[in-house]
Amino acid sequence: MTKIIAIANQKGGVGKTTTSHALTAGLAEKGYRTLCIDLDPQGNLSASCGAVNYNIPTVYEMMKGEVNVKDVIQTLGLYNIIPANIMLSGAEQELNSTGKEHRLKESLSDIVNDYDYIIIDTPPSLGVLTVNAFTFCDEIIIPTTAGIFATAGIQQLARTVENVKKYCNPNLKIKGILFTRYNPRTNISKQVKEIAESFAEHIKAPVYDTTIRNGIAVEEAQANKEDIFTYNSKSSVAEDYRVFIEEYLKG
Ligand SMILES: Nc1ncnc2c1ncn2[C@@H]1O[C@H](COP(=O)(O)OP(=O)(O)O)[C@@H](O)[C@H]1O
Ligand SMILES: [Mg+2]
């Protein structure tokens with residue numbers, strides 16, 4: 001059975017794209033057939049993977065039904081990607097007909113079973129793109145930083161999840177909350193993690209034991225257009241994402 005995971009948080013800069021890339025690369029390295037989908041008009045995942053995302057059809061044209069999924073998939077080493085670019089920012093206005101929440105799911109129906117894991121990187125909003133990801137996926141992983149963690153924000157996200165569950169995807173669930181860019185030496189991080197854990201009980205989503213430390217290797221890997229494991233498999237961030245993937249696979 002294919003597992004489809006959306007990486008979401010309406011806040012920017014919390015590690016969605018970094019987590020999407022690391023999870024994709026890590027699962028592919030373990031031998032799973034893995035596809036990632038860039039669903040953010042900023043195209044950061046496409047850029048950090050080194051995918052081509054200009055002068056070619058992308059996820060945007062695919063969701064509008066202008067091209068077939070097979071025309072937008074690129075193979076990058078061990079995994080595949082469907083790239084995005086700024087054109088996708090038009091989707092919020094243009095995807096407005098009945099069934100607009102199902103466009104992503106419909107576009108991928110022919111190829112879903114070719115993969116063990118499909119990972120979707122989402123934009124920093126709870127609009128039609130994120131709702132398309134939630135309609136298609138089985139589960140959501142929420143990355144957050146200790147500095148930015150706000151119960152109001154996660155509550156809003158949880159409300160969107162409830163709505164999508166009600167109208168579009170009854171089996172949807174929040175799989176877990178992942179702390180990223182974590183500095184274990186600061187008390188603030190520890191306190192925030194405790195608050196998060198008690199809050200997470202309310203929305204019935206666990207906080208992962210693994211936290212992803214802050215490390216310079218992330219930006220270096222991005223600049224090199226490599227995933228964190230290829231760039232520096234011994235870096236603290238690579239180590240943390242490896243432990244996270246094991247925790248994910250156990251749960
Ligand atoms: N563990 C980390 N250590 C250091 N920098 C990180 C880490 N995770 C992400 N970053 C940096 O933080 C910024 C935001 O991360 P990103 O994954 O793009 O977040 P989002 O997709 O939620 O906006 C990027 O510049 C990225 O390089
Ligand atoms: Mg991003």
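Here are some notes:
- Under the condition of being in contact (Cβ under 8 Å) with a residue 60 or more places away in the chain, open to solvent by 30 Å² or more (accessible area, probe 1.4 Å), more than 16 Å from ligand 2 (Cβ to nearest atom) and not in a helix (DSSP H, G or I), the residues counted in segment 151-199 number 1.
- When the test is whether a residue is surrounded by 20 or more Cβ atoms within 10 Å (Cβ to Cβ), under 17 Å from Gly15 (Cα atoms) and in contact with a Pro (Cβ under 8 Å, 6 or more places away or on another chain), Thr130 passes it.
- Here Gly13 does not fit the description of being at positive phi and either away from ligand 1 (no atom under 16 Å from the Cβ) or not in a loop (DSSP other than H, G, I, E, B) (or both).
- If you go through segment 227-237 and keep only what is open to solvent by less than 60 Å² (accessible area, probe 1.4 Å) and in a loop (DSSP other than H, G, I, E, B), you end up with Asp227, Ser233, Ser235.
- Only residues that are farther than 11 Å from Ile177 by Cα, surrounded by 18 or more Cβ atoms within 10 Å (Cβ to Cβ) and among the hydrophobic types (A, V, I, L, M, F, W, C) were counted in segment 204-216, giving 1.
- Top-ranked residue in segment 29-47 [being of a type outside the set (D, E, K, R) and open to solvent by less than 10 Å² (accessible area, probe 1.4 Å); ranked as nearest to Leu78 (Cα to Cα)]: Thr34
- Number of positions in segment 54-90 that are assigned to a helix (DSSP H, G or I) and open to solvent by 10 Å² or more (accessible area, probe 1.4 Å): 8
The values are calculated or read from the model by the stated rules, or taken from the named source; none is laboratory data. None of the values given here were measured: they were computed from a predicted structure. Glycine gets a Cβ as well: all are built from the backbone with ideal geometry, and neighbour counts include every protein chain shown. Keep in mind that these areas ignore ligands, DNA and RNA; they rest on the heavy atoms of the full protein, side chains included. Shrake-Rupley method; radii C 1.70, N 1.55, O 1.52, S 1.80 Å.
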